[in-house]
Amino acid sequence: MTSDLLTAFVLYAFVTSITPGPNNTMLLASGANYGLKATMPHLLGINLGFCVLVLAAGFGIGGLFAAVPLLHTLLRYGGAAYLLYLAWKIARAGGPESDGGRDRPMSFFQAAAFQWVNPKAWIMAIGAIAAYTPANGFFGNVLMVAAIYVLANAPCLLVWAAVGTALRGFLSEPVRLRIFNVVMALALVASLYPILAEAGS
């Protein structure tokens, strides 16, 4: 990977990591509802899970989707259904109907597994492999892309979780917290637009 290509990829990794999407929306909501410390397993699960996804995309699973388009369709709609479930969970968090306050932030393994049905994660991973991974020395380049994404993702994810945590004082009022959670749930649903737009095209 040349220095120019490396610089371009670092910028791509940062921009795709910091911009809104399902992961960042859920981290914002988790920080607001549970605090930064309780959200850290969720954050770390995203980072490791996405790293594994990038490696999988680089080492052949993207080709599997090209060979069997039905698998991509099933993944897309399965991911959409799961995102709707997560939006419902976020909308209910912090209220009297949230199972008596026993709701929990997403665990490390749940967050890692979620990357496999996260549409934005797939776009990021396949885009990185297709556009920024030279064929010459491909194995090492895939490892480099995954490592750079881990380094770029970590501070970006932390920003979203920290902003949510910073809002906890303002959201200590139950009505404000409920409104915030409903807005976050709607934002998560809105992130489904690219999936629906692709399906309709």
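Of the residues making up segment 59-71, not a single one is at pLDDT 85 or above and under 21 Å from SER191 (Cβ atoms). Applying the selection to segment 163-179, what residues are crowded, with 16+ Cβ neighbours inside 10 Å and either at pLDDT below 90 or among the aliphatic types (A, V, I, L, M) (or both)? Residues satisfying the conditions are LEU167, LEU171, LEU177, ARG178. Based on what the data block shows, is ASN153 farther than 19 Å from THR19 by Cα, in a helix (DSSP H, G or I) and not hydroxyl-bearing (Ser, Thr, Tyr)? The answer is no for ASN153. All of ALA113, ALA146 fail the test of being surrounded by fewer than 20 Cβ atoms within 10 Å (Cβ to Cβ) and at pLDDT 85 or above, apart from ALA113. Residues considered: LEU177, LEU188. Of these, the only one that is of a type outside the set (Ser, Thr, Tyr), in contact with a Leu (Cβ under 9 Å, 6 or more places away or on another chain), under 20 Å from LYS37 (Cα atoms) and assigned to a helix (DSSP H, G or I) is LEU177.
Say whether the condition of being surrounded by 13 or more Cβ atoms within 10 Å (Cβ to Cβ) and either in a loop (DSSP other than H, G, I, E, B) or at pLDDT 90 or above (or both) is met by at least one residue in segment 119-127. Within segment 119-127 (the criterion being surrounded by 13 or more Cβ atoms within 10 Å (Cβ to Cβ) and either in a loop (DSSP other than H, G, I, E, B) or at pLDDT 90 or above (or both)), the answer is no, since none of the residues qualifies.
Go through GLY35, GLY101 for me and flag whichever is within 23 Å of ALA166 (Cβ to Cβ) and at pLDDT 90 or above. The conditions single out GLY35.
The values are calculated or read from the model by the stated rules, or taken from the named source; none is laboratory data. Not measured: the values here are computed from a predicted model. All Cβ positions, glycine included, derive from the backbone under ideal geometry; neighbour counts span all protein chains shown.
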